[in-house]
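Any read-out appearing in this document is the output of simple, stated calculations on the displayed coordinates, not a laboratory observation. No experiment lies behind these values; they were computed from the predicted model shown. Note: ideal-geometry Cβ built from the backbone for every residue, glycine included; neighbour counts use all protein chains shown.
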Amino acid sequence: MAVKRAYVEGVTQRRIRYTFLYNEAAPLRLLIEEARRRAEEIAAEWSSTLCRAELPSVGVLALEWLGGTLLADLSICFPISRPLTRPVDMFLDAEFKKLSLCLEPLAPIGEILGYSVAKARSLRDAAGRISLRDGILVVKLKGLYFMGRGSAEPDLQGGIRVEVAKLGCEGIDPLKGLLKARELLRRRGRTA
């Protein structure tokens with residue numbers, strides 16, 4: 001098996017596609033099981049926690065950033081993808097030689113567990129380039145625009161004081177988060 005990683009253009013920004021190429025075709029049900037195992041590896045690569053989600057998502061990555069949380073959907077984007085017009089069960093026995101997972105940041109959704117406060121040198125700190133929009137921090141990390149609930153303001157001792165919400169896995173709806181993220185990025189004029 002070979003793995004290819006690439007940035008691809010999404011609806012409003014780039015996303016990362018992980019494509020797994022197999023030597024022999026296998027039923028989609030087995031590829032989905034393999035995708036769930038691979039999701040754990042991808043979560044480790046991003047130093048994040050993996051929250052469970054329903055297909056076509058295989059999970060939501062909860063990245064720790066300045067003590068708060070940024071979310072990203074990890075979903076199957078080949079051979080099935082959003083929107084699912086037919087039940088996945090209809091395709092489970094079909095055989096494929098590859099499967100792709102796409103990682104795309106979500107707007108902050110789900111239960112807020114609290115806030116963390118951190119200090120950054122500026123809005124273009126090593127922690128990522130930060131911009132603000134309606135109580136949302138938009139952070140550019142590794143070429144993607146992640147979003148977190150929070151605020152930033154000048155610190156009296158210099159630099160920027162950043163407050164970021166900590167989110168739990170409860171109540172995360174990846175589709176709703178993707179739609180909100182796309183709306184937010186369109187309003188910012190970003191097509192990355």
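Quick notes
- Restricting the calculation to Cα atoms, the chain shows an Rg/Rh of 1.01 when the hydrodynamic-style radius is the Kirkwood one.
- For residue 22 and residue 111, the difference between the fully extended length at 0.36 nm per residue and the C-alpha to C-alpha distance is 28.2 nm.
- Sequence-separation-based contact order of region 25-103, relative, with Cα cut under 8 Å and 6+ spacing, percent: 34 percent
- Looking at region 35-120, the trypsin sites (Lys or Arg not before Pro) that sit in a DSSP loop and have at most 15 other Cβ atoms within 10 Å of their own Cβ are 52.
- Rg to Rh, two decimals, where region 112-185 supplies the alpha carbon set and Rh follows Kirkwood: 0.99
- C-alpha center-to-center spacing [region 106-158, region 32-83] in angstrom: 21 Å
- Eligible lysines near residue 98 by straight Cα distance, threshold 16 Å, same-chain separation 8 or greater: 4
- Cα point-scatterer Debye curve for region 2-106, base-10 log of I(q)/I(0) at q = 0.10, 0.12, 0.15, 0.17 Å⁻¹: -0.27, -0.39, -0.61, -0.77
- For the residues 158, 59, 143, a GNM of the chain with alpha-carbon springs under 10 Å puts the largest fluctuation on 158.
- A Förster distance of 35 Å, applied to the separation of the beta-carbon atoms of residue 155 and residue 54, puts the FRET efficiency at 0.25.
- Pairs spanning more than 20 Å between alpha-carbon atoms, out of 119/166; 140/166; 140/180; 97/142: 97/142.
- Sites residue 98 and residue 133, calculated FRET efficiency, Cβ-Cβ separation with R0 45 Å, nearest 0.05: 0.75
- Annotation: aspartates and glutamates with alpha-carbon distance below 16 angstrom to residue 176 (same-chain offsets under eight excluded): 54, 73, 104, 111.
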